[in-house]
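> First the structure, then my questions, so here it is.
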Amino acid sequence: MTQSHRVAAEEAPLDAEAADGQQVADTFARLAVELHDADGLVETVDAVAQFALQALNCSYAGIVLNVRGRRPEVAAVTDPVVAEAYEMQISSDTGPLVTSLRERTTVLIRDTGTEDRWPEWAAKVAALGVRSVLDVPLQTGGTRPQTVGVLGLYSPDPDAFGADDEAIAHILARHASVAVATARHEVSMAQAVDARKLVGQAMGILMERFDVDGDRAFAILKRYSQDTNTKLRDVAQQLIDTRKLPADGTHAGNTELRPPA
């Protein structure tokens with residue numbers, strides 16, 4: 001082999017590796033644009049799940065989100081098999097998904113046929129045709145990181161996920177975490193704006209009906225909210241819809257519009 005041929009042979013793997021790296025970078029750049037343009041939380045998680053099928057060695061993918069005060073919510077699946085695998089874990093409160101959520105850790109199952117940490121669940125998903133599982137937590141940054149959900153990858157082949165897949169899955173999880181947090185924040189902001197509008201309308205009704213100022217009108221709404229253990233926006237909505245306020249302990253069964261004593 002000539003010197004030039006040896007140099008070419010040595011550089012070829014590096015060139016291929018560089019090309020693969022550039023392809024991954026380009027793919028994630030497209031994902032970033034797609035997530036930026038996504039219209040809401042549902043479209044965001046769907047985009048992430050579909051992207052996982054393209055970028056990783058998996059046949060199915062899904063996302064489960066943490067919901068404060070409630071059980072985890074299945075937000076996106078690419079196949080009914082994933083939904084079934086998720087529901088079995090959520091209903092039993094055990095499995096790799098639950099562990100990934102609670103412990104903020106990546107869980108890899110190389111073969112459900114030999115998995116002994118969750119043998120009952122593993123046997124059931126193996127019967128569904130799932131042999132490899134990779135669950136990666138979606139975490140927000142900052143000084144107090146929180147797990148907003150889990151990205152799940154599934155394959156019908158044992159030992160399907162290698163180090164490269166896990167590395168790419170973590171990059172995807174970081175993109176997904178930011179996108180989910182942003183989408184949720186936008187939803188919260190929209191709800192807050194809507195709530196302020198409702199409260200403003202309700203205050204206007206009280207101000208006109210009882211000839212009170214804005215502070216007094218807000219105090220009336222707040223009092224009924226506290227006495228009936230009802231959210232302020234819901235009190236306002238009921239007043240707008242029915243021209244009545246929720247019944248409190250003093251006027252149980254009588255919801256005619258009246259200011260509290």
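The values are calculated or read from the model by the stated rules, or taken from the named source; none is laboratory data. This one's a predicted model, so the numbers in the text were calculated from it and none came from an experiment. Every residue, glycine as well, gets a Cβ built from its backbone with ideal geometry; the counts of neighbours run over all protein chains shown.
> Going by the conditions given, is R102 loosely packed, with under 14 Cβ neighbours inside 10 Å and in a helix (DSSP H, G or I)?
Yes: the conditions hold for R102.
> Looking at the range 103-132 only, could you name the residues that are within 26 Å of A183 (Cβ to Cβ) and either aromatic (F, W, Y) or in contact (Cβ under 8 Å) with a residue 40 or more places away in the chain (or both)?
Hits for the range 103-132 are R104, T106.
> Filter the range 21-69 for residues that are among the acidic types (D, E) and at pLDDT 80 or above; which is nearest to L151 (Cα to Cα)?
Per the stated criteria, the residue is D46.
> Would you mind stating whether T112 is assigned to a loop (DSSP other than H, G, I, E, B), in contact with a strand residue (DSSP E or B) (Cβ under 9 Å, 6 or more places away or on another chain) and over 30 Å from A219 (Cα atoms)?
yes
> So which residues in the range 122-134 are crowded, with 22+ Cβ neighbours inside 10 Å and in a helix (DSSP H, G or I), if there are any at all?
Scanning the range 122-134 gives A122, V125.
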